[in-house]
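What follows is a set of notes on a single structure, which appears directly below.
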Amino acid sequence: VESLETYIGLSGADFIDVLILWMRTAPGWLVAVVSVLIVMAWTIFWVPGILSALLIGYGWTYAFGGLFGVGLGTIAFWFGTLAGALICYLLGETTICHACVKRCRCAPQCVRGVIDHLDDQPFKLVILLRLAPWVPFNVLNYYLGASGRFKAKHVFVAHFFTLPLSFLWVGVGGAWVKWRMVERGEISGD
């Protein structure tokens, strides 16, 4: 009697190896498009952005090498999160929350006061919220659409401020794969 893993033929590590092999042999544009679509789906379904960036950095660095892999992985990750953010915005805008938020003002007075003050300056508010590490990226995208106060252009412009953090976390994912390769003896640690 064979185990389920043997029957299926792929363990988690084997799946990653097959994925990396595909990334190395497929045309670069196809790898980029698939990466963007995967990150877009992860953003829509609230997979934490840091986890997404680590995995994209791991895959791109393993497949294409250090700086090149991190750079291209960052671009793919950033476009994927941008597409996901805009879709989340549109989903938030068309949900029932849109009607509820306009009618229900249950936020604490101090928070509402800050938001009301910045209502006439939506770019500043979105940028401040985007830079705040305690505001989850995916939740913010849905909120921006559901609140009715913001337009898709605000999401797009504010998304530029995520580029440095995208590069950082994709780079950490790349460093992770390099560390694993040194640990396994595949490359030297120098």
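The values are calculated or read from the model by the stated rules, or taken from the named source; none is laboratory data. This structure is a prediction, so every number in the text was calculated from the model and none was measured. Areas reflect the complete protein model, heavy atoms only, side chains present, ligands, DNA and RNA absent. Shrake-Rupley method; radii C 1.70, N 1.55, O 1.52, S 1.80 Å.
Kirkwood hydrodynamic radius, the stretch 130-183, all distinct C-alpha pairs: what's the number in Å?
Taking the inverse mean of 1/r over all distinct Cα pairs, the stretch 130-183 comes out at 13.1 Å.
Using only protein heavy atoms and a 1.4 Å probe, report how much of THR43 is accessible, in Å² to the nearest 10.
Taking all protein chains as shown, THR43 has close to 10 Å².
Quantify, in whole percent, the carbon and sulfur part of the accessible surface of the stretch 43-86 (1.4 Å probe; protein heavy atoms only).
The nonpolar share, carbon plus sulfur, comes to 88 percent.
Does the stretch 14-55 come out rounded, prolate or oblate by the C-alpha gyration tensor, with a ≥ b ≥ c the root eigenvalues, rounded set by a/c under 1.5 and, if not, prolate when a/b is larger than b/c and oblate if not?
In terms of gyration-tensor shape, oblate.
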